[in-house]
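**Q** Once you've had a glance at the structure underneath, I'll fire off some questions.
The values are calculated or read from the model by the stated rules, or taken from the named source; none is laboratory data. Quick caveat, the model's predicted, so the values are computed rather than measured. Cβ placement follows ideal geometry from the backbone for every residue including glycine, while neighbour counts extend to all protein chains displayed.
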Amino acid sequence: MKIAVLPGDGIGPEIVAQAVKVLKALASDGLKIEMEEAPIGGAGYDAAGDPLPEATLALSKASDAVLLGAVGGLKYDALPRDKRPERGLLRIRKEMNLFANLRPALLYPELASASTLRPEVVAGLDIMIVRELTGDVYFGQPRGIEVRNGERVGFNTMLYAESEVQRVAHVAFGIAMKRGKKLCSVEKANVLECSELWKEVVIEVAKEYPDVALSHMYVDNAAMQLVRNPKQFDVIVTGNIFGDILSDEASMLTGSIGMLASASLDANNKGLYEPIHGSAPDIAGKNIANPLATILSVAMMMRYTLNQESAAQRIEAAVKSVLAQGLRTADIYTEGTKKVSCSEMGDAVLAAL
Ligand code: NAD
């Protein structure tokens, strides 16, 4: 199993180093893993004048999975748009045809007080949002700003082809099968034709998954239900723009950005795995960042791309164990727990593993 390791910028190298320790430990236990590192984002620009150097893209395409830290930094903000670090990230997702974005929102009971919601509403929360990533109003044509009847109008096109809905629905049903066998499809079919088609196609695909209980919800209601009673959900599947908003809402339920992993998959379950947070320039180089989101991204990689469920569970159990021991990085620290550095947290996960 070949893994491309792309640390990126800011805290990226620090947190990825901890995840690499975990991968090496799994390798020494017999998992056949090969890793190769390459620059992306600002580091790509520094090394090759391009936020996604050709060699990095080639390595990523030739690998089974990609582990990414984060990209971005103040020193790159003045670059032309196509040279900015974030462009590297958008391009690698597009070049690798990663159309399904998996965003778990998981709250460990030990961290329930970090949420702005009452602990009983969120403790033990474990939902997965599957967001379509390459279609919808973000990419639909026509789009633009033009003058009509003497004033400017801005317009975008919300558009989904059947095949786009089918493939992301299959991913979502597949994940529901591996979890609680409940899938909620979120759209706005009472108003939008695009959503009407989405719903019809999801219902057709559901016939292939008789074991999964499918439900449907309008996006406005879903936004409300996520804060009212988030534990009613197991897996949510939705389009690009609704997923963009709902997945951010769901991540805030957990209150700790340093804990949340994500995956973006192609049609063959090849994927890019990364924490949901950015490069955190405010704390970069201080060895205080929380590496757990990146380590949990490796668990997702084991589960969804490399089919190593037991390795995934071992990593997740190790993370649970360090939290139960009371170890916390600064971002999740509360009185009565023990503050540790980024590398100490990595070492603790290794020991628990
Ligand atoms: P950010 O996620 O980097 O940081 C937001 C806040 O959360 C900061 O206070 C930061 O210190 C904290 N934080 C984030 N990750 C943490 C961790 N692992 N441990 C402890 N604290 C953590 O978002 P931002 O400040 O809006 O953006 C900073 C840079 O990151 C920008 O250049 C932005 O474009 C980029 N960015 C990249 C990605 C990505 O690579 N996927 C995502 C979002 C933002």
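**Q** So which of L52, L68, L26 is at pLDDT 95 or above and in a loop (DSSP other than H, G, I, E, B)?
**A** Going through L52, L68, L26 in turn, the sole match is L52.
**Q** Conditions: (1) within 16 Å of the ligand (Cβ to nearest atom); (2) over 21 Å from the mean Cα position of the chain (by Cα). G336 meets all but one. Number of the miss?
**A** Among (1) within 16 Å of the ligand (Cβ to nearest atom); (2) over 21 Å from the mean Cα position of the chain (by Cα), the lone unmet condition for G336 is (1).
**Q** If you take just the helices (runs of 4 or more DSSP H) that sit entirely in the range 75-188, which of them hold at least 2 residues that are assigned by TED's automatic domain parsing to the domain that holds V219 and modelled with pLDDT of 95 or more?
**A** Result: 162-178.
**Q** Which one of these does K320 not meet: (1) within 23 Å of the chain's Cα centre (by Cα); (2) in a loop (DSSP other than H, G, I, E, B); (3) on the phi < 0 side of the Ramachandran plot?
**A** (2)
**Q** Can you name every residue in the range 50-60 that is within 16 Å of the ligand (Cβ to nearest atom) and touching a strand residue (DSSP E or B) at 6+ places or on another chain (Cβ under 7 Å)?
**A** If the condition is that a residue be within 16 Å of the ligand (Cβ to nearest atom) and touching a strand residue (DSSP E or B) at 6+ places or on another chain (Cβ under 7 Å), then T56, S60 are the ones that fit.
**Q** Take the range 237-258 and flag every residue that is within 11 Å of the chain's Cα centre (by Cα) and within 12 Å of the ligand (Cβ to nearest atom).
**A** Residues satisfying the conditions are D248, S251.
**Q** Next question. Can you go through Y273, Y209 and tell me which one is crowded, with 18+ Cβ neighbours inside 10 Å and either away from the ligand (no atom under 16 Å from the Cβ) or on the phi > 0 side of the Ramachandran plot (or both)? Don't jump to the end; show me each part of the working.
**A** Numbers: Y273 fails: either away from the ligand (no atom under 16 Å from the Cβ) or on the phi > 0 side of the Ramachandran plot (or both).
The match here is Y209.
**Q** For the range 287-305, indicate whether the set of residues that are assigned to a loop (DSSP other than H, G, I, E, B), away from the ligand (no atom under 16 Å from the Cβ), assigned by TED's automatic domain parsing to the domain that holds L327 and of a type in the set (V, I, T) is non-empty. Steps first, answer last, please.
**A** From the range 287-305, those assigned to a loop (DSSP other than H, G, I, E, B) are 287-291, 305; that's our starting set.
If we keep only those that are away from the ligand (no atom under 16 Å from the Cβ) too, we end up with 305.
Next, only the ones that are assigned by TED's automatic domain parsing to the domain that holds L327 stay: 305.
Retained after the next criterion (residues that are of a type in the set (V, I, T)): 305.
Yes.
**Q** Among the candidates T134, T116, which residue alone is in contact (Cβ under 8 Å) with a residue 60 or more places away in the chain, exposed (fewer than 14 other Cβ atoms within 10 Å of the Cβ) and either touching a strand residue (DSSP E or B) at 6+ places or on another chain (Cβ under 6 Å) or under 30 Å from G10 (Cα atoms) (or both)?
**A** T116 is the lone residue from the list that is in contact (Cβ under 8 Å) with a residue 60 or more places away in the chain, exposed (fewer than 14 other Cβ atoms within 10 Å of the Cβ) and either touching a strand residue (DSSP E or B) at 6+ places or on another chain (Cβ under 6 Å) or under 30 Å from G10 (Cα atoms) (or both).
**Q** Got at least one residue in the range 277-287 being in contact (Cβ under 8 Å) with a residue 60 or more places away in the chain, crowded, with 24+ Cβ neighbours inside 10 Å, within 16 Å of N101 (Cβ to Cβ) and under 14 Å from the mean Cα position of the chain (by Cα)?
**A** Within the range 277-287 (the criterion being in contact (Cβ under 8 Å) with a residue 60 or more places away in the chain, crowded, with 24+ Cβ neighbours inside 10 Å, within 16 Å of N101 (Cβ to Cβ) and under 14 Å from the mean Cα position of the chain (by Cα)), the answer is no, since none of the residues qualifies.
**Q** Condition test on A223, is it closer than 29 Å to I92 by Cβ, away from the ligand (no atom under 16 Å from the Cβ), over 14 Å from the mean Cα position of the chain (by Cα) and not in a strand (DSSP E or B)?
**A** Working: closer than 29 Å to I92 by Cβ: no; away from the ligand (no atom under 16 Å from the Cβ): yes; over 14 Å from the mean Cα position of the chain (by Cα): yes; not in a strand (DSSP E or B): yes.
Spelling it out, it is not the case that A223 is closer than 29 Å to I92 by Cβ, away from the ligand (no atom under 16 Å from the Cβ), over 14 Å from the mean Cα position of the chain (by Cα) and not in a strand (DSSP E or B).
**Q** Sticking with this one: Does the range 255-262 include one or more residues that are without any contact (Cβ under 8 Å) to a residue 40 or more places away in the chain, among the polar types (S, T, N, Q) and part of a loop (DSSP other than H, G, I, E, B)?
**A** There is no residue in the range 255-262 that is without any contact (Cβ under 8 Å) to a residue 40 or more places away in the chain, among the polar types (S, T, N, Q) and part of a loop (DSSP other than H, G, I, E, B).
**Q** All but one of (1) of a type outside the set (D, E, K, R); (2) surrounded by fewer than 19 Cβ atoms within 10 Å (Cβ to Cβ); (3) within 16 Å of the ligand (Cβ to nearest atom) hold for A27, so report the exception by its number.
**A** For A27, the failing item is (3).
**Q** Which numbered condition trips up M35, out of (1) closer than 24 Å to I276 by Cβ; (2) part of a helix (DSSP H, G or I); (3) away from the ligand (no atom under 16 Å from the Cβ)?
**A** Failed condition: (2).
**Q** OK, next. Keeping to the range 61-94, report how many residues are more than 11 Å from the ligand (Cβ to nearest atom), crowded, with 21+ Cβ neighbours inside 10 Å and not β-branched (V, I, T).
**A** 3
**Q** Go through the range 127-141 and report how many residues are under 17 Å from L265 (Cβ atoms) and among the hydroxyl-bearing types (S, T, Y).
**A** The qualifying residues number 1.
**Q** Follow-up question, since we're still on this one. What single numbered condition from (1) among the small types (G, A, S); (2) part of a helix (DSSP H, G or I); (3) buried (at least 22 other Cβ atoms within 10 Å of the Cβ) fails to hold for G10?
**A** (2)
**Q** Can you tell me which residue is surrounded by the most Cβ atoms within 10 Å (Cβ to Cβ) among those in the range 339-353 that are within 14 Å of the ligand (Cβ to nearest atom) and outside any helix (DSSP H, G or I)?
**A** V340
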